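Student: Okay, here's the structure, questions in a sec.
Just so it is clear, none of the values below were taken in a lab; they were calculated from the coordinates. None of the values given here were measured: they were computed from a predicted structure.
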Amino acid sequence: LFPQGQLLAKSWSSLFGGQSGAALRGPIYSFNGRNVLTDPLWPLQLAWHGSTPRGGHARRWDCQGWRSSGTAEGMAAALSEGRLLAGHRHNCSTP
């Protein structure tokens with residue numbers, strides 16, 4: 001049984017507030033119920049989003065059309081930082 005109703009952020013805008021975004025509260029679960037902040041299957045704990053800090057589409061950094069043999073980069077945020085759109089470029093091959 002998984003916890004329900006836990007507050008992740010105070011508002012939508014605070015969750016995606018660019019560089020000053022919300023400090024994430026509580027665990028974050030994958031679709032199969034694993035806590036991505038503590039599970040060893042999620043070693044880098046990245047949220048891939050392909051967005052600018054203001055929430056726009058980072059066209060050059062979205063891994064769109066990526067192939068496993070490519071060297072493309074996409075925007076992803078470290079969940080430990082607690083700022084979902086404060087992304088950094090990561091190779092699209094990063095698990």
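Student: Would you mind checking which residues have amide H under 5 Å from H57's amide H? H placed 1.01 Å from N; only 5 or more apart, or other chain.
Tutor: T52
Student: Relative to the present Cα-Cα distance, how much length would full extension add between T52 and H88 at 0.36 nm per residue of separation?
Tutor: Fully extending the segment from T52 to H88 adds 12.0 nm.
Student: Hey, what D do you get for region 52-92 in µm²/s if you plug the Kirkwood alpha-carbon radius into Stokes-Einstein at 37 °C and 0.692 mPa s?
Tutor: Translational diffusion coefficient: 308 µm²/s.
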